[in-house]
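Q: Shown below is the structure under consideration.
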Amino acid sequence: MKKLTLIFLLAFGVITTDICAQIDPNSADRQYADFADLRSVLRGKNSKKEPETGVPVKGKPMMFVVPVIGSNPSLGAFYGIGGTGAIFLGEPATTSVSSLNSSILFTTKNQFVASLKGTIMTPENGWEMLADFKYSFFSENTFGLGSDHEQPVHESWNWGGVQTAGISGAQPMTFNQVKIYYTALKQVYDHVYIGMGYHLDDHYKIQDLSLELAAVEPVITSHYAYSQAHGFDPKKYITSGTSFNFVFDSRDHTMNPYKGAFLQFAYRVNPQFLGSAKNSQTLYLEARAYKKLSTERPRHLIGFWGIANIVTSGEVPYLHLPASSYDMRNRIGRGYVAGRFRGPGWVTAETEYRFPVTKNGLLGGVLFASATTTSRDAATIGTTMVSKLNLFDAVRPAGGFGARVMLNRTGRLNLTMDMAFGQGGAKGFYFAVGETF
């Protein structure tokens with residue numbers, strides 16, 4: 001816990017260094033726009049349409065829709081459509097931009113994912129609302145709990161006196177998922193917000209594809225063993241609760257910041273009377289900070305992103321435990337499959353160097369690195385002892401590089417393409433609309 005506290009104190013130190021120079025609504029940073037975007041290139045010099053001025057206007061939607069084709073460790077090959085949009089609901093001089101990302105994807109693993117995520121800022125930044133909605137029928141590999149190299153289901157287990165066959169590597173699962181996260185925050189001071197949220201995680205029609213209870217040598221998966229040990233139905237479960245939130249947000253943009261910071265403290269309570277399978281409470285901490293490296297080109301910067309999610313009391317179903325890439329955009333810890341590291345405590349820190357490539361701002365690039373750690377409680381499964389693993393006992397690094405294409409220069413809407421690598425041959429290609437963080 002001391003190491004966790006140190007990480008977020010360092011992040012807050014980065015944040016507070018910019019407080020004395022918080023965003024001036026009329027500053028060059030706030031009005032900065034690149035000279036070109038993909039729309040202007042596609043239209044060409046002889047287009048009859050008037051070019052965008054790059055100056056934001058109240059109430060004017062800025063959007064871009066693109067076909068999405070690619071692959072990553074979770075989805076395999078995927079195809080669909082993705083959209084990103086932004087709008088100023090109040091005067092741009094006094095109101096931050098509202099932004100939304102949405103996508104509908106089909107995959108070669110017979111999966112379907114529909115999502116809508118974003119940040120809404122009312123006039124004068126009176127309210128900040130965070131939304132994360134998702135419906136999917138999906139498949140996901142799990143690997144047991146913890147971030148070490150000796151996760152629970154690896155060697156053969158003795159399950160109730162019966163010797164079971166061990167599972168090395170991935171344990172595939174399929175399920176249907178409904179996710180509804182909504183948080184409303186009232187501004188109580190410059191850049192300071194307080195509010196509440198509602199959060200629903202619903203998994204049903206869960207199938208453990210590696211589970212073989214009737215085999216001569218029964219195969220017991222991590223999900224099944226955890227569910228049985230903690231009294232959860234391995235076929236379905238719900239976690240439903242409210243959260244109490246404190247947010248500091250001085251970013252100059254909610255989707256693609258060039259300056260400022262975002263800090264969130266959220267304490268979530270999941271009572272059974274709201275539908276949760278069991279009572280539980282969790283602590284969520286997130287920090288993002290952006291330090292520009294050039295006054296003339298504020299897009300040239302270093303960004304920091306850190307998330308900690310910890311179960312503080314009660315019991316949480318397996319798929320609702322804190323896990324890697326379970327942030328709003330499912331992007332933190334790029335290089336590992338979503339849910340690769342899971343446990344009652346999860347911490348990931350990431351830094352990214354962003355830079356323009358072309359003088360007109362159409363193309364940009366990024367270099368990034370991250371580190372992830374998860375914990376595990378000690379447990380006895382049959383006659384097998386599973387050792388306790390503390391946060392920071394095992395840390396998994398990852399890193400990579402990427403390219404950016406500016407889709408709409410007024411709204412700073414860009415196309416992201418990243419190649420990431422982790423340990424043990426883990427890797428992934430990420431293609432999306434909207435900046436990673």
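Q: Computing the accessible area with a 1.4 Å probe over protein heavy atoms, can you report the carbon and sulfur percentage for region 311-437?
A: Looking at region 311-437 in its full context, I get 63 percent from C and S.
Q: A further question on this structure: What list of ³J(HN,Hα) values in whole Hz, one per residue of region 425-436 in order, does the Karplus curve 6.51 cos²θ - 1.76 cosθ + 1.60 (θ = phi - 60°) give from phi, with Gly and Pro shown as x?
A: Going residue by residue, I get x, 5, 6, x, 10, 10, 10, 7, 9, x, 5, 4 Hz, with x marking Gly and Pro.
Q: Between Lys109 and Gln423, how many nm apart are label points set 7 Å from Cα along the C-beta direction?
A: 2.2 nm
Q: Based on the Kirkwood radius over alpha-carbon pairs, what value in µm²/s does the Stokes-Einstein equation return for the translational diffusion coefficient of region 326-437 at 25 °C and 0.890 mPa s?
A: For the chosen part, D equals 156 µm²/s.
Q: Which ³J(HN,Hα) values, rounded to whole Hz and listed in residue order, are derived for region 254-268 from phi using the Karplus coefficients 6.51, -1.76 and 1.60 in 6.51 cos²θ - 1.76 cosθ + 1.60 with θ = phi - 60°, glycine and proline given as x?
A: 7, 10, 9, x, 10, 6, x, 7, 9, 9, 10, 10, 9, 10, 9
Q: Given a cut-off of 23 Å, what percent of all Cα-Cα pairs of region 231-389 lie beyond it?
A: 49 percent
Q: So what are the ³J(HN,Hα) numbers for region 361-375, from phi and the Karplus equation (6.51, -1.76, 1.60; θ = phi - 60°), rounded to whole Hz, Gly and Pro as x?
A: Listing the rounded values in order: x, 5, 10, x, x, 9, 10, 9, 8, 8, 9, 10, 9, 9, 9 Hz.
Q: May I pose another question? If the viscosity is 1.567 mPa s and the temperature 4 °C, what translational diffusion coefficient in µm²/s does Stokes-Einstein give for region 212-279 when Rh comes from Kirkwood over Cα pairs?
A: D = 82 µm²/s.
Q: May I ask you to order 269-278, 222-231 by the average number of other C-beta atoms within 10 Å around their residues, highest value first?
A: 222-231, 269-278
Q: Right, next: Greater than 24 Å separation of Cα atoms is the criterion. Which listed pairs, Lys60/Lys359; Lys179/Lys236; Lys179/Lys259, meet it?
A: Lys60/Lys359; Lys179/Lys259, as the Cα separations exceed 24 Å there.
Q: For the pair Thr122 and Leu274, how long in nm is the line joining their label points, each one 7 Å along Cα→Cβ?
A: It works out to 2.1 nm between the two label points.
The values are calculated or read from the model by the stated rules, or taken from the named source; none is laboratory data. Since the model is a prediction, treat every value here as computed from it, not as a measurement. We place every Cβ from the backbone using ideal geometry, glycine too, and count neighbours over all the protein chains shown. Note: areas computed on protein heavy atoms with side chains; ligands, DNA, RNA excluded. Shrake-Rupley method; radii C 1.70, N 1.55, O 1.52, S 1.80 Å.
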